Amino acid sequence: MNLSPRLKRIADFIPNNSIVADVGTDHGYVPKYLIDKGISKLVIATDISKGSLQKTVDYIREENLEEEITTRLGDGLDPIRPFEVDTLVIAGMGGLLIAEIMSKSMEVSKSINTLILQPMVGSPELRKYLLQNNFRIVDEDLVREGDKFYEIIVAKTGLQKFDKELDYEISPVMLKKKNSPVLREFVEMKIKMNENVIEKLRNRTGEKSMSRLLELEKIVEDYREVFSK
């Protein structure tokens, strides 16, 4: 089957012969792909929505994959036991929600070898959460679909420290891929977004507005330095 570029890149990060939990699986496309390609030997597909999970159940039944893909209804990692899987996929949710899901089931989160996380928003907050809770970011990538950019974060347990605030916006792991045209487009988009806010703040008075203006100007300066070195 043909996955979207976003889902395909997520699947690319999954280690061979892994047992995977796909949290918020929706239609179950990633689990089917992993089994079809021989990447995973077993996938547990979970969803908090009974209706969404039923779509996965029907799809798996149609594809005769009921022995390789198990479906479970539940909130976050609640349906997963510690050490039951070695790889976790949480995609298509906000970064803060992903952090909350991990926190609520920290015993399960810490028992998993590879975490593949794809936040729709709140990527800096998710990176901060990971480092503050003894996870380290081992790989990242950016995927563009139309006018949208998707950040994919691969993490494992361990210690890691970032040196500056920009590292949470664009991690040092991602910055190693400076030749990526998608990264350049992403940085240019970030600069443009911040410059638009800066222009609006220039017409305002007040201590908070001035403080925010200076903060954003520093962020834009840091972004510009990404490709100047």
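The values are calculated or read from the model by the stated rules, or taken from the named source; none is laboratory data. Please read these numbers as outputs of a predicted model, since none were measured by experiment. Don't worry about glycine lacking a Cβ; one is built from the backbone with ideal geometry, like all the others, and counts go over all protein chains shown. Surface accessibility is based on the protein's heavy atoms, side chains included, excluding ligands, DNA and RNA. Shrake-Rupley method; radii C 1.70, N 1.55, O 1.52, S 1.80 Å.
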### Summary
Along principal axes, largest first, the alpha-carbon spread of the stretch 81-184 in whole Å comes out as 40, 31, 21
### Query
Considering only the stretch 91-229, what is the antiparallel percent among its DSSP beta bridges, to the nearest 5?
85 percent
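Heavy atoms only, 1.4 Å probe, whole protein assembly: order Glu68, Glu207 by accessible area, highest first. Kindly include the intermediate steps, with their values, before the conclusion.
Working: Glu68 60, Glu207 165 Å².
Putting Glu68, Glu207 in descending order of accessible area: Glu207, Glu68.
Counting pairs of alpha carbon atoms under 8 Å apart in space and at least six apart in sequence, what relative contact order in percent does the stretch 128-193 give? Walk me through the intermediate numbers first.
Numbers: 66 pairs, mean separation 20.2, N = 66.
With pairs under 8 Å counted, the relative contact order is 31 percent.
Kindly report the accessible area of the stretch 131-212 per residue (heavy atoms of protein chains, probe 1.4 Å, no ligands, DNA or RNA), in Å².
Details: 5150 Å² over 82 residues.
That works out to 63 Å² for each residue.
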### Query
Of all accessible surface on the chain at a 1.4 Å probe, what whole percent is carbon and sulfur?
48 percent
#### Entry: In Hz, Karplus ³J(HN,Hα) per residue of the stretch 187-194 (6.51, -1.76, 1.60; θ = phi - 60°; x = Gly, Pro)
5, 4, 5, 4, 4, 4, 4, 5
### Message
Using 29 Å as the Cα-Cα cut-off, could you pick out the over-long pairs in Lys104/Lys176; Lys128/Lys208; Lys8/Lys176; Lys32/Lys176; Lys110/Lys218?
### Response
Lys104/Lys176; Lys32/Lys176; Lys110/Lys218
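How much accessible area per residue does the stretch 40-126 have, counting only protein heavy atoms and a probe of 1.4 Å, in square angstrom? Don't skip to the end; give the middle numbers.
Values: 4030 Å² over 87 residues.
With all protein chains present, the stretch 40-126 gives 46 Å² per residue.
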### Task
Compare Asp147, Asp26 by solvent-accessible area with a 1.4 Å probe and give them largest first, with all protein chains kept in place.
Asp147, Asp26
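What do you get for Rg/Rh over the chain if you use C-alpha atoms and the Kirkwood form of Rh? Provide the component values of the computation, followed by the final result.
Values: Rg = 19.4 Å, Rh = 18.9 Å.
A ratio of 1.02.
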### Query
Considering amide H positions built from the backbone, and no H for Pro or chain starts, which residues 5 or more places from Asp139, or on another chain, come under 5 Å of its amide H?
Val154
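Tell me the trypsin sites (Lys or Arg not before Pro) within the stretch 4-59 that lie in a loop according to DSSP and have at most 13 other beta-carbon atoms within 10 Å.
Values: sites: Arg6, Lys8, Arg9, Lys32, Lys37, Lys41, Lys50, Lys55; in loops: Lys37.
Those that pass, being in a loop and sparsely packed, are Lys37.
Suppose a student asked you for the relative contact order of the chain, using Cα pairs under 8 Å spaced at least 6 residues apart; what percent would you report?
Working: 375 pairs, mean separation 32.3, N = 229.
With pairs under 8 Å counted, the relative contact order is 14 percent.
Find the eigenvalues of the gyration tensor of the Cα atoms of the stretch 81-130, then list the square roots of 5 times those eigenvalues as equivalent ellipsoid semi-axes, largest first, in whole angstrom. Could you put the intermediate results ahead of the total?
Details: eigenvalues 71, 23, 14 Å².
Values for the stretch 81-130, descending: 19, 11, 8 Å.
Remind me, relative contact order of the stretch 111-229 in percent, using alpha carbon pairs under 8 angstrom and six or more residues apart?
Details: 127 pairs, mean separation 26.3, N = 119.
With pairs under 8 Å counted, the relative contact order is 22 percent.
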### Query
Using the Karplus equation 6.51 cos²θ - 1.76 cosθ + 1.60 (θ = phi - 60°), what ³J(HN,Hα) coupling, rounded to whole Hz, does each residue of the stretch 160-170 give in order, writing x for Gly and Pro?
7, 9, 9, 8, 9, 4, 4, 4, 7, 6, 9
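Calculated FRET efficiency, Gln132 and Lys37, Cβ-Cβ r, R0 41 Å, to nearest 0.05?
On the way: r = 35 Å, r/R0 = 0.85.
About 0.70, to the nearest 0.05.
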### Task
In whole Hz, with x marking every Gly and Pro, tabulate ³J(HN,Hα) for the stretch 216-228 from phi via Karplus 6.51 cos²θ - 1.76 cosθ + 1.60, θ = phi - 60°.
5, 4, 5, 4, 4, 4, 5, 4, 5, 6, 3, 9, 8
### Query
Looking at the stretch 152-229, what % of the alpha carbon pairs are farther apart than 17 Å?
53 percent
### Given charges at Cβ of Lys, Arg, Asp, Glu: the stretch 1-134 dipole, positive-most of Ile101, Leu73, Ile44
Ile101
### Task
Starting from the Cα of Lys177, draw a straight line to each of the lysines and keep only those under 18 Å, dropping any in the same chain fewer than 8 residues away.
Lys190, Lys229
### Task
Pull up all non-local amide H partners of Ile19: gap of 5 or more, or a different chain, and H-to-H distance under 5 Å with H placed in the peptide plane.
Asp86, Thr87
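Report the GluC sites (Glu not before Pro) located in the stretch 144-174 that are in a DSSP loop and have at most 16 other Cβ atoms inside 10 Å of their Cβ, or state none. List each step's numbers first, then the result.
Numbers: sites: Glu145, Glu151, Glu165, Glu169; in loops: Glu165.
Sites meeting the loop and neighbour criteria: Glu165.
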### Task
Would you mind getting me the FRET efficiency between Phe227 and Arg202? Use the beta-carbon distance for r and R0 = 22 Å, nearest 0.05.
0.30
## Note on the structure
CD proxy, 222 nm, the chain: helix-only mean residue ellipticity via -39,500 (n - 2.57) per DSSP H run with n ≥ 4, per residue, nearest 500, stands at -13500 deg cm²/dmol
